Amino acid sequence: MTFIISILTGALLSIVISINGFLGQAVGDYTSSIIIHLFGLITMILLVLIKKENFKDLKKIPLYMYSAGLIGVFTVVTNSLTITKLGVSLTIALGLLGQSLLSIFIDHFGLLSIPKNPFNRKKCIGLVLMSLGLVIMTIY
Amino acid sequence: MLYLLLAILGGASVVLARVINYNLAEKIGLVQGTFFNYVFGLIGSIFIVLVTHNTIFISSATLMSIPWWAYLGGIGGVIIVTLSSFLSAKMSAFYLSLFMFIGQLIAGMIIDYFLVHSLSPLKCVGILLVFLGLVYNLSLDKKSSSSPTASAQEV
């Protein structure tokens, strides 16, 4: 079941990226990032109010945990830069490489509360097959 | 080239942001986690525009031209961030990245099919290869008895 949800999340991501892409064409990439975050924040403020959330535990939380949003801005900026210089396909391919490398690294060492899942070398065969398939799908 | 490295880092940052947000959500809940993601995302975005354009003045003409469906992008992003945090608890970082990317490709294929009526046979070959590789790796996970991991239990 979670397998299906994760695939659907990826599908939704495609749609959102397209929508954001249109917006970026209209008002510029960085400005569109403001608009996207603003609309998202408005949605979240509504949700917080509706669910009557208590913001009680904030002081106990290490500062780095709030950095996800900032890192996301880094993602937007680098995507804008590399799409211009390298094109969409190469950006996607290299981006996926970066995602895979960090994911495998985090899984292997069990970093940041992710359960330790040591890398099994036999998986390289599967990885090669998947990479080949993904490359074909991305190019064609 | 520096840009090649930048693209790789960009991809890595997607995973890093997701995992850190998952940590935050574990502490304060999914709603608050996504909330703060957008708070700091907005602050960061404003900063970037200040740095690159030296102004946050968006002309009213520009504002008028924002189509209604742009708001859907905002809601969609909220759903994605929240689900990503939720799913990080349920599967390994690698599988989550992989399945989300597969979802992106499939959505692309479906959109292409309905919009442009094209279905590349090579893409189907590609999907088959991905499927074969995935099934093989999943079978390795099920066989490994070293530790019950999220990926072995799930999927």
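Quick look at the values:
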quantity: Residue B:132 being surrounded by fewer than 17 Cβ atoms within 10 Å (Cβ to Cβ), at the interface with chain A (Cβ under 7 Å from one of its Cβ atoms) and not acidic (Asp, Glu); calculated: yes
quantity: Residue count for segment A:129-140, restricted to those that are in a helix (DSSP H, G or I), free of Cβ contacts under 8 Å to residues at least 12 places away in the same chain and facing chain B (nearest Cβ under 7 Å); calculated: 6
quantity: Of residues in segment A:102-126 being outside any loop (DSSP other than H, G, I, E, B) and either touching a strand residue (DSSP E or B) at 6+ places or on another chain (Cβ under 6 Å) or within 7 Å of chain B (Cβ to nearest Cβ) (or both), the one nearest to residue B:7 (Cα to Cα); calculated: A:102
quantity: Verdict on residue A:50 being closer than 30 Å to residue B:53 by Cα and of a type outside the set (D, E, K, R); calculated: no
quantity: Odd one out for residue A:4 among (1) within 7 Å of chain B (Cβ to nearest Cβ); (2) closer than 16 Å to residue B:82 by Cα; calculated: (1)
quantity: Selection from segment B:77-99 of residues that are more than 7 Å from chain A (Cβ to nearest Cβ), of a type in the set (Gly, Ala, Ser) and farther than 23 Å from residue B:142 by Cβ; calculated: B:85
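Conditions tested, residue by residue: (1) of a type in the set (Gly, Ala, Ser); (2) surrounded by 15 or more Cβ atoms within 10 Å (Cβ to Cβ).
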| site | (1), (2) |
| --- | --- |
| B:10 | yes, yes |
| B:45 | yes, yes |
| B:48 | no, yes |
| B:67 | no, no |
| B:73 | yes, yes |
| B:111 | no, no |
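Each row is one residue, and each column tells you yes or no for (1) at negative phi; (2) part of a helix (DSSP H, G or I); (3) over 17 Å from the mean Cα position of the chain (by Cα).
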residue: A:20; (1), (2), (3): yes, yes, no
residue: A:38; (1), (2), (3): yes, yes, yes
residue: A:41; (1), (2), (3): yes, yes, yes
residue: A:48; (1), (2), (3): yes, yes, yes
residue: A:52; (1), (2), (3): no, no, yes
residue: A:55; (1), (2), (3): yes, no, yes
residue: A:67; (1), (2), (3): yes, yes, no
residue: A:72; (1), (2), (3): yes, yes, no
residue: A:76; (1), (2), (3): yes, yes, no
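Only the coordinates and a few stated rules stand behind these numbers; no lab work does. The structure presented is a predicted model; accordingly, all values stated were derived computationally and were not measured. Using ideal geometry, Cβ is built from the backbone for each residue, glycine included, and neighbour counts are taken over all protein chains shown.
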